Amino acid sequence: MQRVTVLGSTGSIGVSTLDVLGRHPEKYEVYALTANRSAAQLLDQVRQFQPQFAVLRDESVAVEFQQQVSALGVRTQVLAGEAGLLEVAAGADLVMAAIVGAAGLMPTLAAVEAGRKVLLANKESLVMAGRLFMEAVDRSGAQLLPIDSEHNAIFQCLPPVAASGLAPLGVRRILLTGSGGPFRTRSRDELQSVTPDEACAHPNWSMGRKISVDSASMMNKGLELIEACWLFHCAPSAIEVVVHPQSVIHSMVEYVDGSVLAQLGNPDMRTPIAHALAWPQRIASGVSSLDLIAQARLDFEAPDEQRFPCLRLAREAAEAGGSASAVLNAANEVAVSAFLEKRLAFAAIPDIIGDIMERVSFFEPHSLDEVQDADAQARRLTEEVIARHTRQ
Ligand code: NAD
Ligand code: MG
């Protein structure tokens, strides 16, 4: 019996994780569930899974929540704030890291530092602090398993990767696939006026709003490129992005002999979640069989960095190294929030991020405090630039 903490249990990945866990009660016991402030949804999950702990990040709603939990007659103990997240991240055997954005960094690292089996959905933590994060994995002996469907696919197409990287394994390159998002066929002009709801209507995947906007701008693919460099110990030049609108192939690995291995499946995150939960075994996920005859065709095209400059910005950040990708991530999070709050046009997201990347000088962070400083400074600057931009 493995005890599982689901960080971000009320989100899209969190709900899919609970769906898979609920299919295997003999293997997994839910130890802790956490949410930012979605108390009603968390209460339903507590009723169903009766975990030892439930954590609300927002302390102002935690006291009332404890009363609601006690009224259920459930013995779940309610914790609050980041301290609560850190405690339940370190206390389980297995941790699903599915908080969105920079807020996921410290809880995910707490699980890593405690040497747990860590299922990584929170790509932003690797983007922000890749070097320190991977050093912590090495030090603690934590087992890191990628949940992002592309990275999970690549992981499935590779033998174990050591710090010496991909070359000794005979890998020529990684083909990182992406659907191209809801605006794949829109012209630059049409991109000016798109709304948050249009950006969040992804053709193949149902996801949280922040990652949906990232998919629409293709920043998601950029963040994934950085994520892949850290996970698989390779340079950005070893990774080629391929647009594949059907999202049936989830990524590929090409070897020096010309072999290309791909992982395919229906676009449903329960597949990578079940894969990582049970690894190296396999368990059922509830995902239906892939019907290749009905699918009939698989298309591929090159990404268009003119219409989607975020991909180029992320590649530049990956090549610059050091704090560059933390700055990129911070500027993106602030710009995406402004877009979702209708304070910024969609097409301005890459302009703002590009502007910030030019203004900030990068350095090699030697501690998490330095990463947090780079993040905070970039956020302040991005807010200022957006305020100026929207006054124009
Ligand atoms: P989501 O917005 O649906 O859910 C986010 C979860 O994090 C919620 O439970 C929310 O309560 C919690 N949360 C939000 N802000 C928080 C804060 N400040 N402190 C603590 N908790 C907070 O997001 P999602 O789509 O499930 O994505 C989660 C992560 O997984 C992201 O990093 C995303 O990039 C990654 N991911 C998601 C998908 C997908 O299909 N949804 C695929 C690949 C990777
Ligand atoms: Mg992905």
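The values are calculated or read from the model by the stated rules, or taken from the named source; none is laboratory data. Everything numeric in this text was worked out from a predicted model, so none of it was measured. With ideal geometry, Cβ positions are generated from the backbone for all residues, glycine too; neighbour counts draw on all protein chains shown. Accessible surface is based on the protein model in full, side chains and every heavy atom, while ligands, DNA and RNA are left aside. Shrake-Rupley method; radii C 1.70, N 1.55, O 1.52, S 1.80 Å.
Restricting Asp197, Asp148 to residues that are under 21 Å from Val100 (Cα atoms) and open to solvent by less than 20 Å² (accessible area, probe 1.4 Å) narrows the list to Asp148. Counting only helices (runs of 4 or more DSSP H) that sit completely within the range 243-322, those holding 2 or more residues that are among the β-branched types (Val, Ile, Thr) correspond to 270-278. Does Ala330 fit the bill of being in contact (Cβ under 8 Å) with a residue 60 or more places away in the chain, in a helix (DSSP H, G or I) and farther than 21 Å from Pro196 by Cα? No; evaluated as a whole, the condition is false for this residue. Going through (1) touching a residue at least 24 places away in the same chain (Cβ under 8 Å); (2) under 19 Å from the mean Cα position of the chain (by Cα) one by one, Val88 falls short only on (2).
Quick one: is Ser251 open to solvent by less than 30 Å² (accessible area, probe 1.4 Å) and either within 25 Å of Lys117 (Cα to Cα) or in contact with a strand residue (DSSP E or B) (Cβ under 9 Å, 6 or more places away or on another chain) (or both)? The answer is yes for Ser251.
Take the conditions (1) of a type in the set (A, V, I, L, M, F, W, C); (2) in contact with a strand residue (DSSP E or B) (Cβ under 7 Å, 6 or more places away or on another chain); (3) open to solvent by 20 Å² or more (accessible area, probe 1.4 Å); (4) not assigned by TED's automatic domain parsing to the domain that holds Phe232; Ala92 misses just one of them, which is (3). Taking the criterion of being free of Cβ contacts under 8 Å to residues at least 24 places away in the same chain, open to solvent by 40 Å² or more (accessible area, probe 1.4 Å) and over 23 Å from the mean Cα position of the chain (by Cα), the residues of the range 37-83 that qualify are Ala40, Asp44, Glu59, Ser60, Val63, Gln66, Gln67, Ser70, Ala71, Gly73. Candidates Ala338, Ala284: the one that is touching a helix residue (DSSP H, G or I) at 6+ places or on another chain (Cβ under 8 Å) and open to solvent by 30 Å² or more (accessible area, probe 1.4 Å) is Ala284. Could you please find all residues in the range 229-242 being of a type outside the set (Val, Ile, Thr) and not in a helix (DSSP H, G or I)? Within the range 229-242, Phe232, His233, Cys234, Ala235, Glu240 qualify. Out of the residues in the range 17-34 that are touching a strand residue (DSSP E or B) at 6+ places or on another chain (Cβ under 6 Å) and aliphatic (A, V, I, L, M), which is surrounded by the most Cβ atoms within 10 Å (Cβ to Cβ)? Ranking the candidates gives Leu33 first. Among residues of the range 102-135 being assigned to a loop (DSSP other than H, G, I, E, B) and surrounded by fewer than 21 Cβ atoms within 10 Å (Cβ to Cβ), the one that is farthest from ligand 1 (Cβ to nearest atom) is Gly115.
Selection of the range 170-186 for residues being touching a residue at least 12 places away in the same chain (Cβ under 8 Å) and open to solvent by 50 Å² or more (accessible area, probe 1.4 Å) yields Arg172, Arg173, Arg184, Arg186.
When the range 1-16 is limited to residues that are near ligand 1 (Cβ under 9 Å from one of its atoms) and not hydrophobic (A, V, I, L, M, F, W, C), the one that is most open to solvent (accessible area, probe 1.4 Å) turns out to be Ser12.
Within the range 205-234, the set of residues being surrounded by fewer than 18 Cβ atoms within 10 Å (Cβ to Cβ) and over 15 Å from the mean Cα position of the chain (by Cα) comprises just one member, His233.
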